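The values are calculated or read from the model by the stated rules, or taken from the named source; none is laboratory data. As the structure is a prediction and not an experimental result, all values here were calculated from the model. Here the Cβ is made from the backbone with ideal geometry for all residues, glycine too, and neighbour counts use every protein chain on show.
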Amino acid sequence: MPAMSAEISEVVLIGFEGPDRYSFVGGLATRMNDLAEALIARGHRVRHLFVGDPTLPATELRNDGTLLLERWGQWISRYHPKDVYDGEDGKWRDFGRTVPPHLLDEVVVPAARQGKRAVLLFEDWQTANAAINTTVLAQRAGLRDAITPFWNANNTYGFGSIDFPLLGRSATITTISRFMRAEMVKSGVEPEILPNGIATRFAEPVPQAHVRAMRAGLAGRPSLVKVARFDADKRWLWAIDAVAHLRDIGARPRFMMRGSRNEYADVVGARIREQGLTVERVALDANAAPRDLAAALQQVQADVAFLDFFVSEPALRALYAAADGVLANSEKEPFGLVGLEVMGAGGVAFVGRTGEDYAIPYGNSVVVQSDDPRELLTHLAALRSRPELGKRIRADGRSTARRYVWPRMLDAMEASWEAAAWLG
């Protein structure tokens, strides 16, 4: 049996998204932030290097010094103030060039001096060159044994820019679901599967007072929620057409939506107008409590409530729990993080047919099986006519969410680190 690998000096999370509002765009930020917290709770020192807010300090210590934030590329971000992906082309090129020598000096060399190793976790296509170049620099310095590098794919974006054979020689390649593995095999890659996780707090019950307040605000109308990037893969047009169908049969639906700032928002807006759906904008403070959101929604008479503000976690979880369904059925879903968060809140997740390995149709969720928006009516009718079915789906969903909390997912992740270190 091989000798136990060296002690881990620190775990370094390397990706574009992070905890700053500027850097928090989608599921990657949720993954990185919650993974960092779980690693710290497990006893690791964590360094999180990301493309951060250009107006904030370049470095920041949190969690009593166990978490070091490093905001990268701020000199570029000052010219691109919209968000982390504004000016993306220049940012990822700079990232691949400047991050590796920094990691060598600040992470690899100190780990080697202590007789330890650093675990480097690179995320998504923008960091592939940084992963390759960091390993090259470590090898040239004779310090390859001081790092255990991983590169993880959360989606297939940017695959055409990656030299996968070289990346595979530089780092262990992983992904998050069977769907993503199948997609990567098309590119000649055989990744390990290490499922995503959710923060333990997302599996905790939503206070019943919050749920009652939100249900009162929804006023008994068929209520649907969709929170996702404005992107064709998120099936926004399907959702809008389904809501329009519910209106046409006299169901008086209430559709609460929140998207992102990009060009596809115009496509979504055009479809809403084309379908003749009425819209009211809801704008609250970012710290608005569940009761505040419930009170605002109670005043909305339109078909669509556009949530034009950063919805706080307590308010969002209460909304998930109180609504008839949360539409998280993407066309091409790598994992389905939102679906798990909805389950943890006790909501009914409507998921798709691709990356949600955890989904069981009418067991812990509703799996949308067709491209016909009228299918939604069938599911809602089943849930309305059989209240016990909805209760069971919500209960089984909560149980599923508890199985995917980060402390449980970390067991497999740490075992993979050890195997990679032993095998060299």
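Side notes on the structure shown:
- When Gly27 is tested against (1) over 17 Å from Glu106 (Cα atoms); (2) touching an Asp or Glu at 6+ places or on another chain (Cβ under 6 Å), only condition (2) is not met.
So that you can scan it fast, the table gives a plain yes or no per residue for (1) outside the structural domain of Ala296 (by TED's automatic domain parsing); (2) under 17 Å from Leu293 (Cβ atoms); (3) modelled with pLDDT under 95:
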| site | (1), (2), (3) |
| --- | --- |
| Val206 | no, yes, no |
| His210 | no, yes, no |
| Ala213 | no, yes, no |
| Ala216 | no, yes, no |
| Ala219 | no, yes, yes |
| Lys226 | no, yes, no |
| Arg229 | no, no, yes |
| Trp238 | no, no, no |
| Leu246 | no, no, no |
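- When Glu414, Glu313 are checked against the criterion of being closer than 26 Å to Thr200 by Cβ and either in contact with a Gly (Cβ under 6 Å, 6 or more places away or on another chain) or not assigned by TED's automatic domain parsing to the domain that holds Gln208 (or both), Glu414 stands alone in meeting it.
- Residue check, Asp324 closer than 22 Å to Ala265 by Cβ and either at pLDDT 95 or above or of a type outside the set (Gly, Ala, Ser) (or both): no
- Scan of the stretch 306-324 for residues that are of a type outside the set (D, E, K, R) and either part of a helix (DSSP H, G or I) or on the phi > 0 side of the Ramachandran plot (or both), ordered by number: Pro314, Ala315, Leu316, Ala318, Leu319, Tyr320, Ala321, Ala322
- Yes/no for Phe335 being surrounded by 20 or more Cβ atoms within 10 Å (Cβ to Cβ), aromatic (Phe, Trp, Tyr) and either at pLDDT 95 or above or under 15 Å from Met257 (Cα atoms) (or both): no
- The condition of being in contact (Cβ under 8 Å) with a residue 12 or more places away in the chain, part of a helix (DSSP H, G or I) and either out of contact with any Lys or Arg (no Cβ under 6 Å at 6 or more places or on another chain) or β-branched (Val, Ile, Thr) (or both) holds for only one of Leu69, Leu39, that being Leu39.
- Qualifying position, being surrounded by fewer than 24 Cβ atoms within 10 Å (Cβ to Cβ), touching a residue at least 24 places away in the same chain (Cβ under 8 Å) and hydrophobic (A, V, I, L, M, F, W, C), among Phe122, Phe164: Phe164
- Of residues in the stretch 9-27 being at pLDDT 95 or above and of a type in the set (A, V, I, L, M, F, W, C), the one nearest to the chain's Cα centre (by Cα): Phe16
- With a requirement of 2 or more residues that are among the small types (Gly, Ala, Ser) and touching a Pro at 6+ places or on another chain (Cβ under 7 Å), the helices (runs of 4 or more DSSP H) lying completely within the stretch 104-204 that satisfy it span 128-140.
- Restricted to the stretch 366-424, the set of helices (runs of 4 or more DSSP H) holding at least 3 residues that are more than 21 Å from Asn329 (Cβ to Cβ) and free of Cβ contacts under 8 Å to residues at least 24 places away in the same chain comprises 387-403, 406-423.
- Restricting Leu284, Leu340 to residues that are at pLDDT 95 or above and surrounded by fewer than 19 Cβ atoms within 10 Å (Cβ to Cβ) narrows the list to Leu284.
- Residues in the stretch 6-36 that are more than 20 Å from Gly158 (Cα to Cα) and free of Cβ contacts under 8 Å to residues at least 40 places away in the same chain were compared, and the one that is surrounded by the fewest Cβ atoms within 10 Å (Cβ to Cβ) is Asn33.
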